Each structure stands twice: as C-alpha cells, then as structure tokens.
Amino acid sequence: MSIETVTPRARPAEVPGSPASPRQSHGRPAIGFLLPFALLYLAFIIGPAVYGLIMSFFDASLVRPGLGSFAGFGNYAEALQDPDFWSSLWHTVWFTILTTPPLIVLAFVLALLADRVNRGRWFFRLAFFAPFILPSAVVALIWIFMYTPELGLIEAALSKIGIASPAWLGDPNWAMPSLALTTVWWTLGFNFILYLAGLQEIPRELYEASAIDGAGPWQQIRRITIPMLGRTTTLVAVLQVIASLKVFDQMYLMTSGGPNFATRSILQYVYDQGFTNFRLGYAAAVSMLFFLVVLAVSAVWFSLVRRQEKEV
Amino acid sequence: MALTTTATTTTGGAGVTQAKIDQRQKLFNRICFGVLIAFALLWLVPLAWAVDTALKPNAETTQTTWLIDNPTFAAFQRVLEDTAILNWFGASLITATLTSVGTVITASLAAFAVSRLRFRFRNLVFWIILAGIMIPGQVLIVPQFREMDALGLLNTYWAVSLPQIPTAIAIFIFKQFFDGLPRDLEEAARIDGAGWFRIYRQVVMPLARPAVAAVAIFTFVTSWNDLLWPLLVLTNPDLMTVPVGLATVQGAFGIRYADTMASAVLGAIPLVAVFLLFQRNIVEGIAGTGLKG
C-alpha cells in the first residue's frame, strides 16, 4: 500500500519494435479490461459518495423519496452542536485509544517471541489468529457469556484469586474497556501475522554478526529488531487506528450502545439517525464528518511513510 | 514460512565466550517459549469455554466448571431445529461466493490493464483506483441503501454483494503479482498473434494462482463476516446471513446458555474449516498486502 509500487518498473521488454513497445498504445483493449471494475466502482462507490455528499445538504428522509428540501449547511451545523454527536465521536476515539496500544505492543511482543521459537509455530498462529476469522456475532455471543455476572468465566476466575468483578458490560465506566478487551482478543492475530512477516524479512546475518560481537538477546531486540520493523509498525498502527475508528459491531451486538449510550460509536449514531429516526440527510452529513476524520488519519500515515522512505 | 535457525547454531564452537552466549540464548529462548505458550492457551480459553458449555445440558451451565456431568449434543440439535441457521449458512455461502468471484474477475482484469497495457492516463487511472482505499465502505451506507432501494434490490443477495465487489486493495494485490511475472511467455504469445484477453486467460492467470487464492479467500472471509451492511439490506429472516441471523436471535435463548454457545459454535464452524484448509494462503495474503506494498 505504499507509494513505491505506483512507479512503473523497468521493463526489459521495451525494446523498440517488440510487441510491448512504448510507442504502441493499447488504449482500446485497456478500456475493455478496465470496464467491469470501472462500472461497479462508479455505480457503488463513486456514485454513492457523490450522492451522499449532495444528500448531506438536504433534509432527505427514509420514508419519502427524493432529496427533500435544501438545508444548506444546516445538517452539519446541527451535528456540530449536538452533544450526542460529540459523545459518540468521543466513544469511538476512546475505543481507539483503548485498543490501539495493546493491539500493537502485544502483537509485536508475541510475534517476537514466536519468531525465536522453532517448534510448533503453526500452533501459535492458530491460537492467535483463529479468533480473527470469526464473525463478530459469534465473538459477541461468547464474550457476553464470559462477562455475565455470577455465571461468567471471568468473574469466576477473578474471584478465585480474590478480586471482585465490576458489572463489566453493565457498568458505564467498565463497558468500554470490556469491549476493548474483547476486541484485543478478537483482532490481535491480524497484527501478529503482519509482525511475524516483518520479522522474517530481517536478514539473519545481522543477528549472527551481532551475536559474534557479544550482543545479548535484549540488545539485539533493541538495536536490530525494533529499528528494522519501523515500517511495519507504521503500517500496523495506521491500519489499526482506522479499523478501530470504524467500530460498530461490538457495541451494536454486546451493549447496543449502552448502558445509557455510554458506548454508542459514531457509526451507530449514523445508523440510529438514518435508519431508526429516518433522517438520511442528517446521517449522510455525519458520515461526511466521520470520513474527514478517517481521511486526516490516512494523511498523517502518508506523510509518515514518505518520511520513512526518504530515510532509507 | 521457513523455520528459523537461531543465530548461534551456525557459529557454534568459537571458544568459551561463544558457549556462554549459546547458553544465554538458549535460556532466553526457553523463557520466550514459556510466555508464548501461556498466552496461546489464554487465547484459546474463550473458544474452549464456548465448546465446553455447548456440550452441557442447559441446567448444568449455571455451574462455572469445565467438568460436564452429562455431556450431550442436544443444544446443537435444538439450535438446528429452532433457528434458520442452515438457511443463514446458505445465504452467507451465496453472498460470500458472489463477492469473492466478482472481486477476483473484475480486479484481475483491471490489474492486468494497469500492469501490462500501455495507454494514456494509465498512472492517473491507477491513482483514482487507489484513492478508493481511502473511502471506508461504512461511510457510504446511507447513499448505498438509497441506491439499493431505488434499484429494487433490497432483500436480495445482489444488494449484499455488489457494493463489496469493487475493492481497490484487490487490484493492488493483483497488480503487484503481475508486475513480478516474467514477460517472455506473453511476448511469445503476442508474436504468435494471441490477443490480450487470451494472454490474460491462458498465460497470466494460470501463473497468478497464489494471488487468486489470497484475494478469493480473504474476500470470502470478509464478506462472510460483514454485519452492518447485510443488517441494513436484509430484513427478511429467510434471507439473512450468519452474522445477521445470529444477531437477531442473540437474546432469544435467554438463560439457555448451552443453546447460545451451540449457536456460536455452529456459526464459527464454516470459517474455522476455511481457515484450517487455507491457513497458508490466508497468512501469506495478509503478510503480502501489508508488507510488500
């Protein structure tokens, strides 16, 4: 996903007179090859994006056709003044803050450990990655049961070592950390795999050379592994932040945004406004505001990647 | 995923200090192994607990113990009889297959053009496609819903699949793979008078099997697991996909925890099977998307 792949590679076939000569253009076949994707892309991504932008300036409603009356920036002004908008945006950010550091650090540490182990790597991959491929609904069913007061496995385990459990999902202060814990369990495997792949790209000779020089494991990790994984970490961090900002399933399934709206995410706010209150125009405006946040994160990522590429 | 050799084994026998370092490394690796095992087991607990509970009679689930006095498959049987879970499997299979096949075909064709053909605005086209990565699908649910409504596609599998097919990331994976393929074969085919479509179908695509596998499996899993979009466009209980169906019956079991866990386990089984079958493709797919790009 970086910029380097965009530059066309050197083409050994570009000898003048050969079929792929640069002077020869393949415009017509190119259109044929691009057409199926282009049609779907226009119809279901670009089209809706433009339509959504237009809609956000109107009072469009789910229960009547058409755009409704022109509202100018009314929807945007209303959203920015609505405390519910800000609180759901904050819940999303809070969720992102709670999930991103453990999902990066823990994934890194576990991948590092797995990389040093020769035996049974398939088992670790299975254990950490298996939850990631489960549907969110399955994850929710299992974890709601785990968090159940009195009957849940977590409360039972904690009480054995003498720790009293809060009401987890039922407590407004604990609901979000509980959802974050579930999410760490669910999605850690993805980052784990990314880090494991990154670790395998580091040339073994670096470790061998440093071992001859007397470097211990800690020094190797600090001086070789962490710096060499800089690009992987940038990638993992940005993918993680964007994935966390898009959170919807966990809240919708496990707390319905509660208790008392304490875990309603921004996407659920869009869902509630658009499909429960029928205010499509307003929901489209909130979507646009949310899109700006995601875009800002992506922009930061691009500038980070640029800088890293200059350093290399 | 070749097995790694520890740093010291290749340089062994270089005197006393070397032996000391060897020992230190060995101890360190042993600690690593212990910590890793502990975490892996911790990670498996929720899944094991779900299976364990599903095998209990409902009456036994109030005891928080791993032991089962009367293990039974009754909970699975009840879920299969009382819910439409088999229909949901069918719906998920159809929509995920549709999305997957559609993505592989459209993305590989487009990637072939961007990788192999020369035409004006080629870089511009590629950049426009790339820009699509920036638009999260969730931002488009409101206008896309309106669109599906206008097209009369609500409560059809088309509504679930069509918006998921054009994904920029799939083009990206294919383009990278195509860029790395040697051009000699297609040169020869060109000279023999083969058209571009024949080169795509008979020369390039057979070589691109790993990319096809990665994109197909990954799209399949993502599509199978999607909740928000199918939740909006499928309201007919007979058409629901697995995640939507499970979400709607979530509360229906009440305190019959064995039944709840049986529904979770049944909902998990198809993808666990996919994972076990295609573990390597999935892992390599993720690693490839993330790093080579």
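Values in this text are rule-based calculations from the coordinates and carry no lab data. Everything quoted here is computed from the prediction, not taken from an experiment. We place every Cβ from the backbone using ideal geometry, glycine too, and count neighbours over all the protein chains shown.
Values computed for the structure shown
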quantity	calculated
Extension gain, A:V50 back to A:I221 (0.36 nm per residue minus Cα-Cα distance, nm)	56.7 nm
Per-residue [θ]222 nm for chain B (sum of -39500 (n - 2.57) over DSSP H runs n ≥ 4, rounded to 500)	-21000 deg cm²/dmol
Model label zone, A:S159; criterion: amide N under 13 Å from point 7 Å along Cα-to-beta-carbon; scope segment B:38-75	B:62-65
Alpha carbon convex hull of the protein assembly as shown, projected area averaged over orientations, nm²	31.7
Cα centroid separation, segment A:181-255 to segment B:172-203 (Å)	36
Segment A:89-149 shape via C-alpha gyration tensor axes, a/c threshold 1.5	oblate
Distance between modelled label sites at B:I191 and B:L154, nm, 7 Å Cα→Cβ extension	6.1
Cβ-based exposure ranking for A:I154, A:I221, B:I129, in which fewest neighbours within 10 Å come first	A:I221, A:I154, B:I129
Rounded to whole Hz, the Karplus (6.51, -1.76, 1.60) HN-Hα couplings of segment B:125-132, x for glycine and proline	4, 5, 5, 5, 4, 4, 4, x
Residue with peak Gaussian network fluctuation, chain B [Cα springs, cutoff 10 Å], from B:A211, B:A168, B:A189	B:A189
Length added when fully stretched, A:R307-A:A43, from 0.36 nm per residue minus Cα-Cα	91.5 nm
Amide H partners (placed H, <5 Å) of A:T255, local residues excluded	none
Most mobile listed residue (B:T99, B:T61, B:T219) in chain B, GNM with C-alpha springs under 10 Å	B:T61
Integer Hz, Karplus 6.51/-1.76/1.60 couplings in order for segment B:64-76, x for Gly and Pro	7, 9, 6, 6, 10, 6, 10, x, 8, 9, 4, 4, 4
Residues of segment A:157-189 with amide N under 16 Å of a point placed 7 Å along Cα→Cβ from A:S87	A:171-176
Rounded if a/c under 1.5, otherwise prolate or oblate - segment A:214-309, Cα gyration tensor axes	oblate
Percent breakdown of C-alpha pair distances by 5 Å bin, ordered from the shortest bin, for segment B:16-75	4, 16, 16, 11, 9, 9, 8, 7, 6, 6, 4, 3, 1
Among B:N29, B:N155, B:N281: highest mean-square fluctuation, GNM of chain B, C-alpha pairs under 10 Å	B:N29
Radius ratio Rg over Rh of chain A, counting only Cα atoms, Kirkwood formula for Rh	1.05
Counted charge near A:V109, where neighbours are those whose Cβ lies closer than 15 Å (Asp, Glu -1; Lys, Arg +1)	+1
Among the listed pairs A:K246/A:K310; A:K246/B:K175; A:K160/B:K56, those beyond 29 Å (Cα-Cα)	A:K246/A:K310
Other-chain or far-sequence residues with amide H under 5 Å of A:F58's (modelled H)	A:A71
Partner chain coverage, peptide A:120-126 - average Cβ within 10 angstrom	5
From phi via Karplus (6.51, -1.76, 1.60), per-residue ³J(HN,Hα) for segment B:261-278 in Hz, x at Gly/Pro	5, 5, 5, 5, 5, 4, x, 7, 3, x, 6, 4, 5, 4, 4, 5, 6, 10
Gain on full stretching of the segment that runs from B:N123 to B:A48 - 0.36 nm per residue minus C-alpha separation	22.0 nm
Shape category assigned to chain B from the gyration tensor of Cα positions, a/c cut at 1.5	oblate
Spacing of the two label points (7 Å from each Cα toward its C-beta) at B:N236 and B:Q77, in nm	3.3
Cβ-Cβ FRET estimate between B:V101 and A:S298, R0 fixed at 30 Å, reported to 0.05	0.55
